[in-house]
Amino acid sequence: MYITQPNNIINVTTYGGLFGYYLTGNAANISLYNSQLGIAIYGSGYINNLTTSTGSVDIYYNNSQGFINSLSSIIYNTKVNNTLYNYYAGISIIGTINGNITFINLPPATSYIVERIVASNRNIISTNNTFIPQGFGNYQLFYS
């Protein structure tokens, strides 16, 4: 699926194939299984419930309201080494992903961290706005 104009894409599941997805705009309930080239997401729309099993994911995204996110209503901030970080955005990942994920057009800040949350355990996996997913989990970006 190749979408270059902002659209509302809802409830799409693909099995197999070569190219996967290239999406802009708003999307919800997007699933991709066993695509060779994976997913590329560009733009400023709201992406909700992205699932992928294999392939690569390249995401260059900006949006102050959220990002492929299922935890924004319960996560507001985090404290690391006595520094309070404010929640900015998150991505939920299921499956094995090969690729960097980069948050862009971020609010002005002195530092950023990405936490991986699985079963209520929180682990810092990046100290900037780019990270390599490390398996299943919710990855949350914070800034201070």
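The values are calculated or read from the model by the stated rules, or taken from the named source; none is laboratory data. This one's a predicted model, so the numbers in the text were calculated from it and none came from an experiment. Neighbour counts run over all protein chains shown; Cβ positions are idealised from the backbone, glycine included.
Scanning region 100-144 for residues that are among the β-branched types (Val, Ile, Thr) and more than 19 Å from residue 80 (Cα to Cα) returns 101, 102, 104, 132. Say we look at region 96-115 and pick out the residues that are modelled with pLDDT of 80 or more and closer than 18 Å to residue 53 by Cα; which of these is farthest from the chain's Cα centre (by Cα)? Here the residue is 100.
Here's the yes/no breakdown for (1) hydrophobic (A, V, I, L, M, F, W, C); (2) buried (at least 20 other Cβ atoms within 10 Å of the Cβ); (3) under 15 Å from residue 78 (Cα atoms):
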{"site": "103", "(1), (2), (3)": "yes, yes, no"}
{"site": "108", "(1), (2), (3)": "no, no, no"}
{"site": "111", "(1), (2), (3)": "no, no, yes"}
{"site": "116", "(1), (2), (3)": "no, yes, yes"}
{"site": "119", "(1), (2), (3)": "yes, no, no"}
{"site": "127", "(1), (2), (3)": "no, no, yes"}
{"site": "144", "(1), (2), (3)": "no, no, yes"}
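If we keep just the residues of region 1-19 that are of a type in the set (A, V, I, L, M), assigned to a loop (DSSP other than H, G, I, E, B) and in contact with a strand residue (DSSP E or B) (Cβ under 9 Å, 6 or more places away or on another chain), which is nearest to residue 52 (Cα to Cα)? Among those that are of a type in the set (A, V, I, L, M), assigned to a loop (DSSP other than H, G, I, E, B) and in contact with a strand residue (DSSP E or B) (Cβ under 9 Å, 6 or more places away or on another chain), it is 1.
Applying the criterion of being within 18 Å of residue 31 (Cα to Cα) and among the aliphatic types (A, V, I, L, M) to the residues of region 53-95, the residue that is modelled with the lowest pLDDT is 68.
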